[in-house]
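The structure appears right after this line, and notes come after that.
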Amino acid sequence: MTSSFFLDGKEIPFKEGQTVLQAAMGAGQYIPHLCWRPELEPHSSCRLCIVIISGKPFSSCTQPAMEGQKVECNTPKLNAMRRAVTQLLFVEGNHYCPSCEESGNCKLQATAYHVGMQDSHFPHQFPIRERDSSHPRVNLDRDRCIRCETCVRASRELDGKNVFAIHGRGIKSRLAVNSPTSLLKDSGISPDDMAVKLCPTGALTVKRVGFEWPIGQRIYDKESLATIELREYANQEAVHG
Amino acid sequence: MAEKLKVATCSLAGCFGCHMSLLDIDERLLDLLEVVEFDRSPINDIKHISQPVDLGLIEGGVCNAENVHVLHEFRKMCKILVAVGECGITGGLPSMRNSFTLKECLEEAFVRGVGTENAHIPDDPEIPLLLDKVRPLHHIVKIDYFLPGCPPSADALWYFLTELMAGNDPSLPQELIHFD
């Protein structure tokens with residue numbers, strides 16, 4: 001007998017040990033997320049995947065799926081909250097989409113489109129953050145970092161390098177580089193690292209390939225974020241089960 | 001014939017790209033001119049809004065004292081005020097100077113710049129004073145609608161204007177939302 005729960009009234013089957021987000025994605029139901037990656041331990045920091053279960057909010061990337069539970073996800077209230085969370089991510093960094101080489105391939109930007117963000121609503125903070133262009137192949141632009149720790153986890157769990165960490169607390173926290181000089185050039189980073197590939201913004205980019213694809217041919221020009229994420233998840237499930 | 005919708009437009013700290021995108025609605029401009037009438041706009045070079053208007057379209061962020069005055073004039077005279085394009089909504093590329101102090105910016109341009117002669121920071125009283133930071137429009141006045149894009153596409157502008165005139169919610173559908 002397969003277990004199942006209800007996502008906005010729709011029955012979603014799940015396997016023992018799956019989270020609400022995993023089961024939903026597996027059933028073709030997209031739940032917005034930025035810090036969650038299927039190949040990494042969940043982090044539950046971006047708060048976009050929040051759902052309501054029995055009247056209480058839970059991050060669906062960490063919440064175990066349970067038999068018969070009723071999950072609210074795609075509701076006007078939750079979608080407005082997701083939009084506000086995305087707006088906060090924009091105003092507390094310096095995100096200049098028109099001049100960013102990641103534009104069109106950026107998951108943060110595509111998420112903003114998905115949640116229907118047309119303005120930033122909140123006052124922009126214009127924080128002063130240090131960039132690190134010391135490495136010949138990899139650029140670190142902290143202006144674009146949302147501190148989702150995808151690179152921290154990917155470097156540790158997938159690359160086996162432990163190049164990144166978060167330094168400081170709260171609004172003052174910054175992405176730190178684990179090297180003798182705190183600079184990327186003296187770290188073990190490589191442009192092929194998953195830490196670089198999985199960055200959902202333009203914070204970590206490979207040099208000399210920016211603007212490679214013209215407008216109209218970039219990842220999210222052609223298909224929506226939800227379509228791409230669901231397909232990638234299904235492919236990954238097919239390979240790894 | 002119904003009275004035409006009165007529209008005012010201006011570019012503050014912008015590049016006029018959003019206005020170019022408005023012109024890019026091509027032959028639909030003729031349909032538009034049947035139903036709207038332009039008050040102050042770079043299109044007709046009228047310098048001040050002559051009477052209260054229905055709709056104000058503002059491109060560009062706010063970088064100097066003159067921008068603030070113009071923005072207040074628009075808010076006072078426009079029933080509906082729209083921030084058009086990334087610069088109006090976020091400060092955009094001009095706000096990249098916010099990572100530096102104003103002094104650093106001016107010295108880089110007018111004192112240390114390559115090939116400068118008789119180097120000094122311009123101080124003619126006719127030049128509007130620069131603000132310490134470039135601001136998006138919603139930092140200064142209430143904005144009713146936002147049209148993202150750099151520039152918003154002609155189709156996005158057309159969708160917004162036609163939906164607004166039809167009395168519908170002019171929020172853009174997902175496929176027309178772009179930040180670049």
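Computed from the coordinates by the stated procedures, all read-outs in this text should not be read as laboratory data. What you see is a predicted model; the values in this text were computed from it and never measured. Positions of Cβ are generated from backbone atoms using ideal geometry, with glycine treated the same way; all protein chains shown enter the neighbour counts.
Here the residues B:Val53, B:Val141, ranked from fewest to most Cβ neighbours within 10 Å of their Cβ, fall in the order B:Val141, B:Val53. Around the Cα centre of region B:27-153, unit charges on the Cβ atoms of Lys, Arg, Asp and Glu (plus for the first two, minus for the last two) sum to a dipole of about 500 debye.
Test of understanding: ordering A:Cys73, A:Cys61, B:Cys87 by Cβ neighbours within 10 Å, fewest first, what list do you get?
Ordered by Cβ neighbours within 10 Å, fewest first: A:Cys73, A:Cys61, B:Cys87.
Rounded to whole numbers, the Karplus 3J(HN,Hα) couplings from phi for region A:127-135 are x, 8, 10, 7, 9, 10, 10, 6, 7 Hz, using 6.51 cos²θ - 1.76 cosθ + 1.60 with θ = phi - 60°, and x at Gly and Pro. Taking GluC sites (Glu not before Pro) across region A:149-241, the ones in a DSSP loop with at most 15 further Cβ atoms lying within 10 angstrom of their Cβ are A:Glu212, A:Glu223.
With unit charges on the beta carbon (Lys/Arg positive, Asp/Glu negative), name the residue among A:Cys145, A:Thr205, A:Ile171 whose Cα is farthest towards the positive pole of the charge dipole of region A:128-210. So the residue we want is A:Ile171.
For region A:224-238, putting each phi into the Karplus relation 6.51 cos²θ - 1.76 cosθ + 1.60 with θ = phi - 60° gives couplings of 6, 4, 4, 4, 5, 4, 5, 5, 4, 5, 4, 4, 5, 4, 4 Hz, in residue order, rounded to whole numbers and with x for Gly and Pro. Measuring against 25 Å, Cα to Cα, the residue pairs B:Lys47/B:Lys79; A:Lys15/A:Lys70; B:Lys76/B:Lys103 contain B:Lys76/B:Lys103 as the ones spanning a longer distance.
With an 8 Å Cα cut-off and a minimum separation of 6 or more residues, compute the relative contact order for chain B in percent.
Details: 318 pairs, mean separation 44.2, N = 180.
Relative CO of chain B lands at 25 percent.
Placing dummy labels 7 Å off each Cα toward the beta-carbon, the span from A:Arg208 to B:Gln51 is 6.4 nm. Per residue, the convex hull spanned by the Cα atoms of chain A amounts to 135 cubic angstrom. The distance linking region A:73-132 with region A:211-229 is 17 Å (Cα centroid to Cα centroid, whole angstrom).
Remark: relative contact order (region A:98-199) = 23 percent; criterion is Cα-Cα distance under 8 angstrom and separation of 6 or more residues. Taking label positions 7 Å along the Cα-Cβ direction at both A:Lys222 and A:Leu183, the computed distance is 3.9 nm, reported to one decimal. Taking region A:9-48 and a reference point 7 angstrom along Cα→Cβ of A:His240, the backbone N atoms nearer than 14 Å belong to A:18-19, A:22-23, A:26, A:36-43.
Pairs of Cα atoms nearer than 8 Å and 6+ residues apart set the relative contact order; for chain A it is 19 percent.
For the pair B:Asn168 and A:Glu16, what calculated FRET efficiency results from E = 1/(1 + (r/R0)^6), where r is the Cβ-Cβ distance and R0 = 41 Å, to the nearest 0.05?
So the FRET efficiency works out to roughly 0.25.
Residue order for A:Lys56, A:Lys107, fewest other beta carbons within 10 angstrom first, comes to A:Lys56, A:Lys107. Taking the simple approach of a point 7 Å from Cα along Cα-to-Cβ for both A:Thr75 and A:Asn162, what is their distance in nm? Each label point is offset 7 Å from its Cα along the Cβ direction, giving 4.3 nm. Scanning residues 5 or more positions from A:Phe164 or on other chains, those with amide H under 5 Å from its amide H are A:Asn178, with H placed 1.01 Å from N in the peptide plane.
With 18 Å as the limit on Cα-Cα distance, the pairs of A:Lys10/A:Lys222; B:Lys6/B:Lys142; A:Lys77/B:Lys142; A:Lys161/A:Lys185 that go past it are A:Lys10/A:Lys222; B:Lys6/B:Lys142; A:Lys77/B:Lys142.
Placing +1 on each Lys and Arg Cβ and -1 on each Asp and Glu Cβ, with no other charges, gives the protein assembly as shown a dipole about its Cα centre of roughly 1540 debye. Subtracting the Cα-Cα distance of B:Met96 and B:Glu175 from 0.36 nm times their residue separation leaves 25.7 nm of extension gain. Cut-off 18 Å, label point 7 angstrom out along Cα-to-Cβ of A:Ser99: give me the residues of region A:170-203 whose amide nitrogen falls inside. Once the point is set 7 Å along Cα→Cβ of A:Ser99, A:202-203 turn out to lie under 18 Å by backbone N, inside region A:170-203. Residues within the reach of a label modelled at B:Leu23 (point 7 angstrom out along Cα to beta-carbon, backbone nitrogen below 20 Å), restricted to region B:120-150, are B:149-150. Taking the charge dipole of chain A about its Cα centre, with +1 at Lys and Arg Cβ atoms and -1 at Asp and Glu Cβ atoms, the residue from A:Pro123, A:Leu158, A:Cys35 reaching farthest to the positive side is A:Pro123.
Database remark: amide H of A:Phe126 closer than 5 angstrom to no amide H (H placed geometrically; neighbours at sequence offset of 5 or more, or on other chains; Pro and chain starts carry no H). Evaluated with a Cβ-only charge set (Lys, Arg +1; Asp, Glu -1), region A:128-210 carries a dipole of roughly 240 debye about its Cα centre, given to the nearest 20.
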